[in-house]
Each structure stands twice: as C-alpha cells, then as structure tokens.
Amino acid sequence: MKAAVVTKPYQVEIEEREIPEIGQEEVLIKVERAGICGSDLHLYKGTHAFRKPPAVLGHEISGTVCRTGAKVTRFKVGDRVTVEPQVGCGNCEFCKSGHVNLCAGKRVPGTPSWTGTFVEYFNAPEQAVYKLNDQISFEVGALVEPLAVAVQALDQITGTSKNSMAILGSGTIGLLVLAAAKHRGYQDIYCTDTAPFNRELALKLGAKAAYDPLETDVAEQIKKETNGKGVDACVIAAGAPNIVDQASAVTKKLGEVVLVSMITKEIPVYTYSFVFNEQKLLGTMTYTTEAFEEAARLINEGLDVGAVITHDLPLEETGRGLEILDKKTENAGKILVHL
C-alpha cells in the first residue's frame, strides 16, 4: 500500500508499505480521508516531541471497514467509520479515571507501534472505532478528531454563564471551538486572527465579531462590547508572545481562560492580572474518550463544520499541503488528503 512518510525534516515521500495485519479485536480500514494537523507540521519540521522521522503522517481519519478480526462484534465490512487515535495502557491512574489522554504509556499513530493514517489501509482496535452515519461525508467525518479537541477545551470551563466568549486564534481548532460553543448555547463569541480569510470563516460560523489583533486593541474592543466586564470565558488557540496576557485582559473577574494551543516556547505572562481578577488558567490536552464520543455524536447529528475544510489533496500532494501550512502560501483552513 502507499504511505506518506516524513523521511527527514521538510521532506515527504510516498513509499510502499505492507498492509497491516489485524488482531482478533481489530478492524482494517480503507482510508478515504486523512487530515493534516498542526502536530503533523511539527513532525514535518522535525520539532515534534516524540514523533520523529522517518514516520508515517497523520492521526485524523475517515474510511470504510474492509476486514474485521474474529472477535470484533460491533462492526462489519462496509461500515463507515472514524477512529479515536489513542489507546491507553488501561492500568494507570489516568486510564482508570477516564483520562486516557494523560496516560504516559498510551499508543498513538505515527509511532513505531502504530502506523499513521496517511496510508491506504489503517488498522485500529475495535474499542477506538466509531461509526459515521451514511449521510455524513468522508470529508466531514475526518473532522471528528479535531472537533474532539474543541469539545475537550470547552469541557474545562466550569462556569455556568454562557453570555460571551473570546477565542484567540481562528485556525481549524479555534473555528471548531466556535462551532461547538455556539451549539452549547454561548451567545456572543468574539474571535481574533491575523489572517483575513480566517476572520471571514469565523463570521461565517457565527462569531459576533472577528478582530485583527495587529490592528485592533482587542481587550479594549471586547470590554466595550461587554459593558466593561469582559467575557465569561476565553479559549487560547494561537501562540503569539502576548496571547496569555491578552486572554486575561479580555476575561471578566472570576472568568476562565483555557489554553488549548501547544505553545512550546517560553512566553512572558503577567500573573498578577490572574491574581487580581481571580481568574482561572486551565490547560487542556487532546481529549478524553468521553469528549471524542461527544464529537462523533455532534458530527453524526449534523453539526455544520464543513466550512473549515479548504483543501482536499491527493496523497501524492501531502508535501504540498504541509508546505501551504508552513509557509502560508495560500488561504487554508483544514487540509485533507484523499486516497
């Protein structure tokens, strides 16, 4: 089978690989769509924490079951599916408490123990596979995984008020947070992004306003829109050096800030603002199985998130897709590849 492999930083090659053998509790999936994630970009650039070249790209997937193991009971050949791309050890305190996302021994795609999803055929344990309804396109079905990241971020918010929210960064994850937050009943949602195309998408998905942080004093504007109070909650989905301070500045007293963006460089933070306003700063790591289940349900029930998809490239153009994201040579939201 064909596979898109990062052989060394900034180099992607299409290689021939063996079709995976499946265990008795696994299914083999004919991949229809796979999404390029920001973490794939880190692999491409050689900066990922644990995925190192050479490695097969991808962990976002939609496809069709083409083979089932002897002990598989919930799926049959022909089922349309997606996959939660993590399998915990099952024994640690985090797995036992439902936080498989924090399991130090979890198995994930794109590592020696499990191939990535940029392949013609992908194997997955039955427990990690979810059905897609027949009316859901494979393109939208591949968005369950990134939508789960958005659901997990919103799950960190403990406050009950849903009058307002700010989302700093309107890339794919920020836009999916927007869609999920609108579905949960948040009324006035203010988004930011330096790219005009991303701001247009935010407005299309229901944002009350979308600001360019390079041209607008975001904190001043949002305070004006909220009668000087600030928003109930703020989600950080970008990595500008001043982003945490900006989040605190737009958030009300006793409000909450959720950090979903994986900022790996040290940035300055004025912690007194959090102290003075008794705000909470919360981190969120990928998703729990519960959050993934909710994302799959939302997609199957018709949550309209297809607008974030801007490219659907053949597998052979995977390198081009990564270059678009890296160099921002084109307007791009979610880039998919098809097989």
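The values are calculated or read from the model by the stated rules, or taken from the named source; none is laboratory data. Please read these numbers as outputs of a predicted model, since none were measured by experiment. All Cβ positions, even for glycine, are placed from backbone atoms using ideal geometry, and neighbour counts span all protein chains on display. Heavy atoms of the whole protein, side chains included, go into the accessibility calculation; ligands, DNA and RNA do not. Shrake-Rupley method; radii C 1.70, N 1.55, O 1.52, S 1.80 Å.
Quick notes on this one:
- Within the stretch 162-198, tally of residues that are within 15 Å of residue 218 (Cβ to Cβ) and either among the acidic types (Asp, Glu) or crowded, with 21+ Cβ neighbours inside 10 Å (or both): 15
- Close pairs (8 angstrom Cβ cut-off, 6 or more residues apart or separate chains): touching a residue at least 12 places away in the same chain (Cβ under 8 Å) and among the basic types (Lys, Arg) in the stretch 55-81, open to solvent by 50 Å² or more (accessible area, probe 1.4 Å) and outside any loop (DSSP other than H, G, I, E, B) anywhere: 80/131
- Candidates 243, 222: the one that is at negative phi, crowded, with 17+ Cβ neighbours inside 10 Å and touching a helix residue (DSSP H, G or I) at 6+ places or on another chain (Cβ under 9 Å) is 222.
- Applying the criterion of being farther than 25 Å from residue 122 by Cα and among the charged types (D, E, K, R) to the residues of the stretch 305-339, the residue that is surrounded by the most Cβ atoms within 10 Å (Cβ to Cβ) is 330.
- Restricting the first member to the stretch 9-30 and to residues that are in contact (Cβ under 8 Å) with a residue 60 or more places away in the chain and closer than 23 Å to residue 44 by Cα, and the second to residues that are in a loop (DSSP other than H, G, I, E, B) and hydrophobic (A, V, I, L, M, F, W, C), the beta-carbon pairs closer than 8 Å and six or more apart or on different chains are 12/57; 17/1.
- Complete set of residues in the stretch 86-108 that are in contact with a Phe, Trp or Tyr (Cβ under 8 Å, 6 or more places away or on another chain), in a loop (DSSP other than H, G, I, E, B) and not hydrophobic (A, V, I, L, M, F, W, C): 88
- Members of the stretch 176-186 found to be assigned to a helix (DSSP H, G or I) and either β-branched (Val, Ile, Thr) or touching a strand residue (DSSP E or B) at 6+ places or on another chain (Cβ under 8 Å) (or both), listed by number: 177, 178, 181, 182
- Check on residue 125, closer than 30 Å to residue 14 by Cβ, modelled with pLDDT under 95 and surrounded by fewer than 21 Cβ atoms within 10 Å (Cβ to Cβ): no
- Tabulated pairs, the stretch 287-313, first under 13 Å from residue 179 (Cβ atoms), second acidic (Asp, Glu), C-beta under 6 angstrom, 6+ apart or interchain: 309/139
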